[in-house]
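The values are calculated or read from the model by the stated rules, or taken from the named source; none is laboratory data. Small disclaimer: the values here were computed from a predicted structure and weren't measured. Positions of Cβ are generated from backbone atoms using ideal geometry, with glycine treated the same way; all protein chains shown enter the neighbour counts.
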Amino acid sequence: MKILVPISNVPDTTSKISFANNDTEFNKSGITFILNPYDEWYALVRAMELKESGKAEKVTLIHVGLADSEPTIRKGFALGADDGVRIDGEGDAYFVAEQVSNYAKENGYDLIMAGKETINYNGSSVGALIAGFLDYPFVSLATKLDVEGTTATLEQDIDGGTQIVEAQLPLVISCAKGMAEQRIPNMKGIMAARTKPLTIVAAGQNNNFTNVKSFALSAGRTTCKMIDENNMDELVQLLHTEAKVI
Amino acid sequence: MSILVYTEINKGKVKKASLEAVNYASKIAEITGASVTAIAINADASQIEEIGKAGAKKILSIKNEELTSLDNSLLTAAVEQAAKTENAKVIIFSFDLVGKAVAPRLSAKLKAGLVAGAVDYPVVNGASLEVKKNVFSGKATAIYSINTS
């Protein structure tokens, strides 16, 4: 079984976020980038566990991004991935998924394991997009995965309980909490990461169907506003005009 | 032209998030002059009535037990067929387990722009919709422009 793990290069969770060019671009200045935690902790670590148990023969990382993301890919190598591919381009989730799908189609993977979302754009959509492009079965937000032969058994949380799903390979899944525990790369892994093969591939057609027009920092916590219990009209008006929830 | 919205029945009731999605779709319909068509799968008469009260002008009631299995490829095919039949330009899902699985899949099938996790009503700007969503794990918001229909 060959496993493909799409990974993202994202700002460290402790980063102070700011924007440039009249709030139309993320300001990368002074930001430390890391391997997206959900791709790392849940998808990649579980993929490595499957390889260590003899159920997978190879784990390949794939990243759609520019050359400055190479340290993040090498971090994935340090955790044990065998090799990696960087598709040289940037774009929205649709673009990223289309590039990953095209590569996967040409190179034949049995299992594609994405993290549940990225911590920068929080879209939760790349895994399902890849499944759509490849016309593979998709299990979203899986919390457990095991594979026997060509059958995967997964668990996912649903309203009021847990659902156990069986699916045939080839398969795309997005991985959520419970899939695996975080690992810290050991010295042997870090040394080996330097020489593992990273292939650079030119991006294909640029289908960017969305673009960010502007960013704004979220407002901090606001003060609590007390409304007299007999003044329902004011409460309704504030919920409508300020909170915008009704 | 119509705004298509996917609704879900859970434990005998229309999900609250689905009713919110219908209401959200009706607001977009007000802005764009379109009408709202809801998809209701294996819904009974009272559930269909509830979806109508939330703002749907037309309801496509699909009776197929296989669609209750949450198999997202079957649901995607059903919504794709409805979108083509209704000439839908905008399709709305709740940002939940089913929405996160079906909406992107549908986006790939229809070659349509996708914004996941909208937090405000969209703004029509010429031929594109502008949608606000949370980014950077809630530290910021972004206005996305969708360039397809």
Taking the condition at pLDDT below 95 and farther than 18 Å from A:Ile7 by Cβ, does A:Val165 pass? yes
Regarding the stretch B:37-60, can at least one residue be identified that is surrounded by 16 or more Cβ atoms within 10 Å (Cβ to Cβ), over 25 Å from A:Gly127 (Cα atoms), among the polar types (S, T, N, Q) and touching a helix residue (DSSP H, G or I) at 6+ places or on another chain (Cβ under 9 Å)? yes
Of everything in the stretch A:25-37, what is over 21 Å from A:Glu117 (Cβ atoms) and either surrounded by 14 or more Cβ atoms within 10 Å (Cβ to Cβ) or not hydroxyl-bearing (Ser, Thr, Tyr) (or both)? Give them in sequence order. A:Glu25, A:Asn27, A:Gly30
Which condition breaks for A:Ala192 when tested against (1) assigned to a helix (DSSP H, G or I); (2) modelled with pLDDT under 95; (3) surrounded by 10 or more Cβ atoms within 10 Å (Cβ to Cβ)? (2)
Within the stretch B:37-50, can one find any residue that is closer than 23 Å to B:Lys111 by Cβ and of a type in the set (Val, Ile, Thr)? yes
Search result, residues across the stretch B:132-149 that are farther than 22 Å from A:Gly127 by Cα and β-branched (Val, Ile, Thr): B:Thr141, B:Ile143
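For (1) under 21 Å from A:Ile3 (Cβ atoms); (2) without any contact (Cβ under 8 Å) to a residue 12 or more places away in the chain, each residue gets a yes or a no:
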{"residue": "A:Ile158", "(1), (2)": "no, yes"}
{"residue": "A:Cys175", "(1), (2)": "yes, no"}
{"residue": "A:Asn206", "(1), (2)": "no, no"}
{"residue": "A:Thr222", "(1), (2)": "no, yes"}
Is it true that some residue in the stretch A:175-188 is touching a Leu at 6+ places or on another chain (Cβ under 7 Å), surrounded by fewer than 21 Cβ atoms within 10 Å (Cβ to Cβ) and modelled with pLDDT under 95? yes
Which listed residue, of A:Gly84, A:Gly80, is surrounded by 19 or more Cβ atoms within 10 Å (Cβ to Cβ), on the phi > 0 side of the Ramachandran plot and at pLDDT 95 or above: A:Gly80
Any residue that is crowded, with 17+ Cβ neighbours inside 10 Å and either of a type in the set (Asp, Glu) or farther than 27 Å from A:Thr210 by Cβ (or both) - is there at least one of those in the stretch A:10-22? no
Taking the stretch B:124-149 as the search range and keeping residues that are in contact with a Gly (Cβ under 9 Å, 6 or more places away or on another chain) and more than 7 Å from chain A (Cβ to nearest Cβ), which one is modelled with the highest pLDDT? B:Lys133
How many residues are on the phi > 0 side of the Ramachandran plot and of a type in the set (Gly, Ala, Ser) when one looks only at the stretch B:95-142? 4
Out of all the residues in the stretch A:38-58, is one or more within 14 Å of chain B (Cβ to nearest Cβ) and either surrounded by 22 or more Cβ atoms within 10 Å (Cβ to Cβ) or closer than 13 Å to A:Val5 by Cα (or both)? yes
State all residues of the stretch A:52-68 that are closer than 21 Å to A:Asn207 by Cα and out of contact with any strand residue (DSSP E or B) (no Cβ under 6 Å at 6 or more places or on another chain); if no residue qualifies, say none. A:Leu66, A:Ala67
